[in-house]
Amino acid sequence: MDYEKGGTQKQYYGEDEVITRDCPSCSAKETIEICKERGAVGVVRCRKCSLIYTNPIVKDPEKNYWGDEQKYYEETRLIVEGKAGCHRDPNYIADLKLIEKLKPEGNFLDIGTSMGFFLRHTRGKKWNVFGVEPSPVLSKMACKHFGLNVKNAYLENAGFEDNFFDVVTMTDVFEHIPEPKKMLSGIRKILKKDGILFIKVPNGKYNLLKFWIAKNTGGLKNNDIFDSYEHLTHYTQKTLMKMLADCGFTLSKALIGKPIQLPVWHKYVGHFYVYPSPWMLDMKNHALRNLFYYISKGEFALRSGNIGNLAPNIIVIAKRNDNH
Ligand SMILES: [Zn+2]
């Protein structure tokens, strides 16, 4: 059964629906192709700086989330009505706990708020919370259903004051940004001198490993391993840190977050937000993801802070480098 999403993403993109671009980190043009996904969308590695990025990309990929309000509502109804949790809640709660330890109060901005599933967990905390979300439908839903203060804008048009935020977050968002350096420069302006930037992205090395396994076991077919119709850069710890340093940030912490336990149920019933999967169906995936996660944590400790192939994601906490 096809999983009916609220967005406007497609299963197949033709040559006329994609555009090519230079490396978003070093502007070089020379690449090595890794794979093609959903027709004409490609994943490549930059020959100069090793960044793995999507090229060509879907035109206006953020408009995948412009979508239809009623469909989004149907997809997420139980969560919106407070009758069910979201499968990402354990991740969101862990992320906020970490941020709260470092900055328990002050002005907090979440970029790419979507419908507000992450930000809804800040209710009852001490922060003064803001969101910014380019999708008209999703930003409206975040305000309407969760009472959040979410601006419908791109960050550069949001009109936030310079040196205003104590915390800026991008959870599962930075990999969607077509011009990540421009985004980081914008954040640097609105972040206070001692403010923190929290970024969580999927680990590009993990996707490379999954890709390699699928290719060598004949399981590749139409797998969207890189989700490249919406994920535009596939960061490794090294390429993410390089980009942050280039844009005037210093790293205070890098770590591995818990895996997202995406349910399998949507394959059978069409929606995963509305119906939680029966435990038995998800057990194998959950166990494997947890196994990889714990091995990656061990490896991280042994290799003194190097995030390897088995880590599902990369979390970095960075600060402004005022000597930049
Ligand atoms: Zn490059």
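The values are calculated or read from the model by the stated rules, or taken from the named source; none is laboratory data. Only a predicted model underlies this, so the values are computations on that prediction, with no experimental measurement involved. In this analysis, Cβ positions are derived from the backbone assuming ideal geometry, glycine residues included, and neighbour counts consider all displayed protein chains.
Annotation note: of Gly124, Gly195, the sole residue that is over 21 Å from Thr236 (Cα atoms), out of contact with any helix residue (DSSP H, G or I) (no Cβ under 8 Å at 6 or more places or on another chain) and free of Cβ contacts under 8 Å to residues at least 12 places away in the same chain is Gly124. Being under 30 Å from Arg21 (Cβ atoms) and touching a His at 6+ places or on another chain (Cβ under 6 Å) is the requirement here; does Glu175 meet it? Here the answer is yes, as Glu175 does meet what is asked.
When each of Glu17, Glu69, Glu37 is tested for being charged (D, E, K, R) and at pLDDT below 90, the lone residue that passes is Glu69. Residue count for the range 171-221, restricted to those that are buried (at least 19 other Cβ atoms within 10 Å of the Cβ) and hydroxyl-bearing (Ser, Thr, Tyr): 2. Close contacts from the range 22-45, counting a first residue that is without any contact (Cβ under 8 Å) to a residue 40 or more places away in the chain and a second that is among the charged types (D, E, K, R) and more than 10 Å from the ligand (Cβ to nearest atom), with Cβ to Cβ under 7 Å and a gap of 6+ residues or different chains, come to Ala40/Glu15; Ala40/Glu17; Val44/Glu33. Of note, Ile99 does not satisfy the criterion of being of a type outside the set (D, E, K, R), surrounded by 18 or more Cβ atoms within 10 Å (Cβ to Cβ), touching a residue at least 40 places away in the same chain (Cβ under 8 Å) and outside any helix (DSSP H, G or I). The set of residues in the range 211-227 that are in a helix (DSSP H, G or I) and under 21 Å from the mean Cα position of the chain (by Cα) contains only Phe211. Among the residues of the range 108-118, is any surrounded by fewer than 20 Cβ atoms within 10 Å (Cβ to Cβ) and either at negative phi or in a helix (DSSP H, G or I) (or both)? No, the range 108-118 contains no residue that is surrounded by fewer than 20 Cβ atoms within 10 Å (Cβ to Cβ) and either at negative phi or in a helix (DSSP H, G or I) (or both). Among the residues of the range 77-96, the one identified as among the β-branched types (Val, Ile, Thr) and surrounded by fewer than 20 Cβ atoms within 10 Å (Cβ to Cβ) is Ile93. Of the conditions (1) crowded, with 21+ Cβ neighbours inside 10 Å; (2) assigned to a loop (DSSP other than H, G, I, E, B), Asn163 clears all except one; give me its number. Just one mismatch for Asn163, condition (1). Among residues of the range 8-18 being more than 21 Å from the chain's Cα centre (by Cα) and of a type in the set (Ser, Thr, Tyr), the one that is farthest from the ligand (Cβ to nearest atom) is Tyr12. Here Leu208 fulfils each of the conditions (1) within 15 Å of Val43 (Cβ to Cβ); (2) part of a loop (DSSP other than H, G, I, E, B) apart from (2).
Quick grid of which residues meet (1) among the β-branched types (Val, Ile, Thr); (2) under 27 Å from Glu100 (Cα atoms); (3) touching a strand residue (DSSP E or B) at 6+ places or on another chain (Cβ under 8 Å):
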{"position": "Leu197", "(1), (2), (3)": "no, yes, yes"}
{"position": "Pro202", "(1), (2), (3)": "no, yes, yes"}
{"position": "Leu208", "(1), (2), (3)": "no, no, yes"}
{"position": "Phe211", "(1), (2), (3)": "no, no, yes"}
{"position": "Ala214", "(1), (2), (3)": "no, no, no"}
{"position": "Thr217", "(1), (2), (3)": "yes, no, no"}
{"position": "Tyr229", "(1), (2), (3)": "no, no, yes"}
{"position": "Ala254", "(1), (2), (3)": "no, yes, yes"}
{"position": "Lys258", "(1), (2), (3)": "no, yes, no"}
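Within the range 127-172, being farther than 24 Å from Leu98 by Cα, free of Cβ contacts under 8 Å to residues at least 40 places away in the same chain and in contact with an Asp or Glu (Cβ under 7 Å, 6 or more places away or on another chain) holds for Ser139, Asn152. Against the conditions (1) among the β-branched types (Val, Ile, Thr); (2) in a strand (DSSP E or B); (3) modelled with pLDDT under 85, Ile317 satisfies every one except (3).
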